[in-house]
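See structure below.
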Amino acid sequence: MIKVVVSGAAGRMGSQTVQTILADKDCELVGVLDPRLAGESLEANGKTLIYADNLSELLDSVDADVVVDFTRPDVA
């Protein structure tokens, strides 16, 4: 099982990536990052994930294998 964090999860490409990860039996969504939704929740395969606004803090709090980054360069 590949544990995934999506940065920019509320954007057009990021939200599509979240849905793709949720549908993939070989992946587990363990974190979502998007400052625009910080503190809001996302139901993900029986778990509640809270949108984070700090990547470093998020990575300290979850066991992730990979980060998929869909942030805009001018924001990141």
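Once the C-beta distance of residue 54 and residue 2 is scaled by a Förster radius of 25 Å, the resulting FRET efficiency is 0.65 to the nearest 0.05. Largest GNM mean-square fluctuation across 34, 63, 53, computed for the chain with C-alpha springs under 10 Å, falls on 63.
Using a 1.4 Å probe on the protein heavy atoms, what percent of the accessible area of the stretch 2-76 belongs to carbon and sulfur?
50 percent
Using the rule -39500 (n - 2.57) for each DSSP H run of four or more residues, divided by the residues of the chain, the 222 nm mean residue ellipticity is -7000 deg cm²/dmol.
For the chain, a crude dipole built from +1 on the beta carbon of Lys and Arg and -1 on the beta carbon of Asp and Glu, taken about the Cα centre, is about 240 debye to the nearest 20.
Can you give the accessible area per residue of the chain, in Å², using a 1.4 Å probe?
63 Å²
The alpha-carbon positions of the chain define a convex hull whose volume is 80 Å³ per residue.
The values are calculated or read from the model by the stated rules, or taken from the named source; none is laboratory data. Keep in mind it's a predicted model, so treat the numbers as computed, not measured. All Cβ positions, even for glycine, are placed from backbone atoms using ideal geometry, and neighbour counts span all protein chains on display. Only protein heavy atoms, including side chains, enter the accessible area calculation; ligands, DNA and RNA are left aside. Shrake-Rupley method; radii C 1.70, N 1.55, O 1.52, S 1.80 Å.
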